[in-house]
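Structure, as structure tokens:
The values are calculated or read from the model by the stated rules, or taken from the named source; none is laboratory data. Please read these numbers as outputs of a predicted model, since none were measured by experiment. In this analysis, Cβ positions are derived from the backbone assuming ideal geometry, glycine residues included, and neighbour counts consider all displayed protein chains.
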Amino acid sequence: MTARERMEQGLIYDPNDKDIMEEQTACLELLYDFNATRPSELEKRESLLRRMFAQIGKDCYIEPPLHANWGGRHVFLGDGVYANFNLTLVDDAPIYIGDRVLFGPNVTLATANHPILPELRAQAWQYNREIRIGNNVWIGAGAVVVPGVTIGDETVIGAGSVVTKDIPPYVVAVGNPCRVLREIGERDRKFFYKDLRIDWENL
């Protein structure tokens, strides 16, 4: 079995395998081009993203710089995804992102992991687990999502959280490790921040 096959099957593998490195480098060349675009080159950015990502929906915007192990090769984006600067995608395994997902600055989604056993880590062995993010999720600035995590639809992840376990839909979750703080409810239909009311008639 090749290193690439082991990687795809979620087994421990050598990420420095020659064939893997050649494929990965080609992806990183496109990522370099994307990060080197000027703010006015929106069409060029969109064209590059469509070459870089496994799937990208309509009306997506990613603010450079973007960091990604595979330049987005294993990332599937729905429609209307927005990512502020310094989104980091450790995309050695698939990352599935739904529609209308918002990422604050400096968010990390990491699918790669290393064995606990020191002898294996000393040889730089690696394994990967996919990440899934539902529709209409907001992940706040500086949050980290670790391998194997699923985040449910409509959920908000607070800034600086470290998401180590699955988070259900329609909740606000915060902290390190990230835990459910509360459900999204009727108060959220009235107030957008503390005691500031939503002026629905003007929206």
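Cβ-Cβ under 8 Å, sequence separation 6+ or interchain: first residue in region 177-200 and under 21 Å from A159 (Cβ atoms) and of a type in the set (D, E), partner modelled with pLDDT of 95 or more and not in a strand (DSSP E or B). Which pairs?
Correct list of pairs: E183/Y170.
Could you please give the count of residues in region 164-203 that are loosely packed, with under 10 Cβ neighbours inside 10 Å, of a type in the set (K, R) and in a strand (DSSP E or B)?
1
Restricting attention to region 36-46, report how many residues are over 22 Å from G98 (Cβ atoms) and surrounded by 13 or more Cβ atoms within 10 Å (Cβ to Cβ).
Total satisfying the criteria: 3.
If G104 satisfies all but one of (1) surrounded by 17 or more Cβ atoms within 10 Å (Cβ to Cβ); (2) more than 21 Å from P177 (Cα to Cα), what's the number of the condition it fails?
(2)
Name every residue in region 1-31 that is assigned to a helix (DSSP H, G or I), within 22 Å of H114 (Cβ to Cβ) and not charged (D, E, K, R), in order of residue number.
A3, M7, I20, M21, Q24, T25, C27, L28, listed by residue number.
So which of V144, V137, V81 is of a type outside the set (S, T, N, Q) and out of contact with any Asp or Glu (no Cβ under 9 Å at 6 or more places or on another chain)?
Only one candidate qualifies: V144.
Could you grab me the full set of residues in region 133-148 that are surrounded by 21 or more Cβ atoms within 10 Å (Cβ to Cβ) and not in a strand (DSSP E or B)?
G134, V137, A143
Kindly indicate whether L181 is closer than 27 Å to I20 by Cβ and of a type outside the set (S, T, N, Q).
So L181 fails the test.
Just checking, does region 151-163 include any residue being surrounded by 11 or more Cβ atoms within 10 Å (Cβ to Cβ), without any contact (Cβ under 8 Å) to a residue 40 or more places away in the chain and in a helix (DSSP H, G or I)?
Taking every residue of region 151-163 in turn, none turns out to be surrounded by 11 or more Cβ atoms within 10 Å (Cβ to Cβ), without any contact (Cβ under 8 Å) to a residue 40 or more places away in the chain and in a helix (DSSP H, G or I).
If you go through region 61-78, how many residues are more than 25 Å from E154 (Cβ to Cβ), out of contact with any Asp or Glu (no Cβ under 7 Å at 6 or more places or on another chain) and surrounded by 22 or more Cβ atoms within 10 Å (Cβ to Cβ)?
Adding up the residues that qualify gives 1.
Among the candidates L49, L89, which residue alone is among the aliphatic types (A, V, I, L, M), at pLDDT 95 or above and either under 12 Å from the mean Cα position of the chain (by Cα) or loosely packed, with under 15 Cβ neighbours inside 10 Å (or both)?
L89
Hey, A3 hits all of (1) among the small types (G, A, S); (2) under 25 Å from P147 (Cβ atoms); (3) surrounded by fewer than 17 Cβ atoms within 10 Å (Cβ to Cβ) but one; which does it fall short on?
With respect to (1) among the small types (G, A, S); (2) under 25 Å from P147 (Cβ atoms); (3) surrounded by fewer than 17 Cβ atoms within 10 Å (Cβ to Cβ), A3 is out only on (3).
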